Amino acid sequence: MSDIETQSSASTPNDSAFSSVGTGPIGGATPVKPRRVVIIGAGLSGLTAAYELQEKANAAGVPIELTVLESRSRIGGAIWTERIDGFLCEGGADSFITNKPWALELCKRLGLGDSIIGTDDKHRRSFVLRKGELLPVPDGFVLMAPNRVWPILTSPILSWKGKLRLMLEPFMPRGDANADESLASFVRRRLGVEALERLVQPLVGGIYTADPKELSLKSTMPQFVEMEQKYGSLLRASLFRRRSGNDIEKHSSGARYGLFATLREGMGKLPEALAAALPPGTIRLSAPVRRVMRDRSGQARWCVDLLSGEQILADAVVLSTEAHAAARLLDEQDADLATLLRSIPYASSAIALVGYHRSDIRHPLNGFGVVHPAIENRKTLAISFTSVKLPSRAPKGKVLLRVFVGGATQPELFDLSDEAIERIVLDEVRDLLGAEAPPILYRLARHARAMPQYTIGHADRIGRISERLGTHEGLSLASNALGGVGVPDVVRTAQLAAASAFESLGAAKPGH
Ligand SMILES: Cc1cc2nc3c(=O)[nH]c(=O)nc-3n(C[C@H](O)[C@H](O)[C@H](O)COP(=O)(O)OP(=O)(O)OC[C@H]3O[C@@H](n4cnc5c(N)ncnc54)[C@H](O)[C@@H]3O)c2cc1C
């Protein structure tokens, strides 16, 4: 995979840190030196935070000097798009839900409104594997709440015993609203073991590349806790919402297939547009940060030490790395905060992008993809039929698949060599979809420790992290480990971090 280079390393020498002069409300008519803000990480969180900070500063007439430091040689983090031989390949996120408005709104503000496209409704359904066979997910089964009874009763995915147990759901007692229950325990309790193993685990687990036994329901899908508490039953709540035109699907937080939008030129356009909206030279690539410490010289609040030995002084710092990376940066400044950040587990996963001539695949590919329940003992988690979902992703007569490997349930597979993963991927595509010839495109995108796991105790952990952060004036955190992993939530969390960083500048001593 070649890296996407965008804005690169116009240098930001240490000695010029407070040198440019501007005027603004903070200094009144007196020229004031701009406030320096350093953002660490140029993934979606860091770039959104940088953009929002710049927008806020412009609106308030406050001069700021932004620097975004990124260790890799490309921007985007878990988002990256590459065009290869006419295929549009997404190595990471490929779309986002539209029922949370923040990503859509941001795209529009960046002038990308005309680029937003929806998924192709023609084959809007997904499959779940059962004994090696691809069976459609029953109509109206959204994540873990059925809003129609008949499709469940007629689906071959569950046995009669499993269906009967699921239909008893309205008679199951409410759980404790204050408990931090695992997603698996909740589903087992309400819908039964079979619905968990055959439907919910592959559908929901796939979103977080997670093990539902570990996931905290209230931190990942609080709407289901609310449904249970308010209606006493998921089935009753879903039927009620459907009848009142307030379908749960419109309120769900990230089913892999459905209600999704993306950008015509690929998700990579979003970080690119954010970067392009920043002053030239703001982003420095291949600039890994080693440490973030309070400045003891009295010139600024924070010292940002790069691995190169360079030091940048800053009035505010936004940490936009993975939580484990942020922990490393803060070890010397605040060991307790670092420990809390480090206690958020992460999963690694890989996405194989595989292209074929359409005529070389036997399966009709009449859906958006297939998810594999763990009990099927497959070595891949899911296969997305990307060019069915988004026809523009492959040239005419060809298909593009995305095959997911690893995650929290099969970490050992992520550690295999690229060649071993390729063999697994091609074997499974051949076996499940009847690929009769070798692929015409193959690329592997690895995401090492990129997906935070919102495990039991997550809300509590985040509460303690934000308490601890509150003791460090000018230090903010923007990360997918905090307020949701999906693109809209990440945008929202970064906007909040930018607001807090900007607010902290008001308290900073102007013109050091
Ligand atoms: C495989 C995968 C598929 C996904 N698919 C979807 C999807 O389809 N839809 C959806 O809504 N969401 C999806 N997500 C989630 C979403 O894409 C991510 O949550 C989001 O992009 C994360 O952005 P981030 O900036 O918080 O983190 P990251 O993208 O991880 O960015 C962190 C950045 O910090 C940098 N960094 C780390 N340490 C340092 C350091 N010391 N110095 C400088 N820089 C540093 C890293 O290099 C990286 O660029 C997916 C995530 C993954 C991993």
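Taking 8 Å as the Cα distance limit and 6 or more residues as the minimum spacing, I'd like the relative contact order of the stretch 346-452 as a percentage.
46
Would you mind classifying the stretch 76-224 by shape? Square roots of the alpha carbon gyration tensor eigenvalues, ordered a ≥ b ≥ c; an a/c under 1.5 is rounded, otherwise it is prolate if a/b is larger than b/c and oblate if not.
It comes out prolate by the Cα gyration axes.
If I take every Cα pair under 8 Å that is 6 or more residues apart in the chain, average their sequence separation and divide by the length, what percent do I get for the relative contact order?
Worked out over the chain, it gives 24 percent.
Report, by chain and number, residues whose modeled amide H sits under 5 Å from the one on Leu381, excluding near sequence neighbours (fewer than 5 apart, same chain).
Result for Leu381 returns Phe404, Val405, Gly406.
At a 10 Å Cβ-Cβ cut-off, how would you order Glu52, Glu467, fewest neighbours first?
Starting with the residue having the fewest Cβ neighbours, the order is Glu467, Glu52.
Given the C-alpha centroids of the stretch 147-191 and the stretch 282-310, what is the distance between them in whole angstrom?
With the stretch 147-191 and the stretch 282-310 each reduced to a Cα centre, they are spaced 52 Å.
222 nm [θ] for the chain, helices only, -39500 (n - 2.57) per DSSP H run of 4+, per residue, to 500?
-9000 deg cm²/dmol
Mind putting together the pair-distance distribution for the chain? All Cα pairs, 20 Å bins, whole percent per bin, short to long.
Histogramming the chain at 20 Å steps yields 22, 52, 23, 2 percent.
Which of the aspartates and glutamates could a cross-linker bridge to Lys108, judged by Cα under 16 Å and excluding same-chain residues fewer than eight apart?
Glu52, Glu55, Glu265, Glu272
Once you compute Rg and the Kirkwood Rh from C-alpha atoms, what is the Rg to Rh ratio for the stretch 117-167?
Rg/Rh: 1.01.
Cβ under 14 Å from Glu52's Cβ, Glu52 left aside: what net charge do those residues give with Lys, Arg +1 and Asp, Glu -1? Numbers along the way, then the final one.
Working: positive: Lys56, Arg109, Arg492; negative: Glu55, Glu105, Glu503.
With Lys, Arg at +1 and Asp, Glu at -1, the net is 0.
When the Cα centres of the stretch 397-452 and the stretch 116-132 are compared, how far apart do they sit, in Å?
19
Counting only C-alpha contacts under 8 Å and six or more residues apart, can you give the relative contact order of the stretch 368-512 as a whole percent? It would help to have the intermediate numbers written out before the result.
Values: 114 pairs, mean separation 17.5, N = 145.
The normalised contact order for the stretch 368-512 reaches 12 percent.
What nm distance separates the two modelled labels at Glu332 and Leu164, each placed 7 Å from Cα along Cα→Cβ?
Placing both labels 7 Å along Cα→Cβ, they lie 6.7 nm apart.
Going by a ≥ b ≥ c, the root eigenvalues of the Cα gyration tensor, does the stretch 346-452 fall in the rounded group (a/c under 1.5), the prolate group (a/b larger than b/c) or the oblate group?
The shape class here is prolate.
Work out the charge dipole of the chain with +1 on the Cβ of Lys and Arg and -1 on the Cβ of Asp and Glu about the Cα centre, then indicate which of Ala195, Leu153, Phe414 is farthest towards its positive end.
Leu153
So which of Lys161/Lys213; Lys33/Lys269; Lys100/Lys161; Lys56/Lys269; Lys122/Lys218 end up more than 28 Å apart by C-alpha?
Lys33/Lys269; Lys100/Lys161; Lys122/Lys218
Select from the stretch 112-145 those trypsin sites (Lys or Arg not before Pro) which occupy a DSSP coil region and have at most 16 other Cβ atoms within 10 Å, ordered by residue number.
Counting only loop positions with at most 16 other Cβ atoms within 10 Å, the trypsin sites (Lys or Arg not before Pro) in the stretch 112-145 are Arg124, Arg125, Lys131.
Shape verdict for the stretch 138-255, please, from the Cα gyration tensor: rounded (a/c under 1.5), prolate (a/b greater than b/c) or oblate.
rounded
For Glu226, what charge total do you get from the other residues with a beta carbon under 12 Å from its beta carbon, if Lys and Arg give +1 and Asp and Glu give -1?
Computed value for this residue: +3.
Taken together, the values in this text are just the output of simple stated rules run on the coordinates, not laboratory data. Please read all numbers here as calculations on a predicted model, not as lab measurements. Positions of Cβ are backbone-derived with ideal geometry, glycine not excepted, and every protein chain shown enters the neighbour counts.
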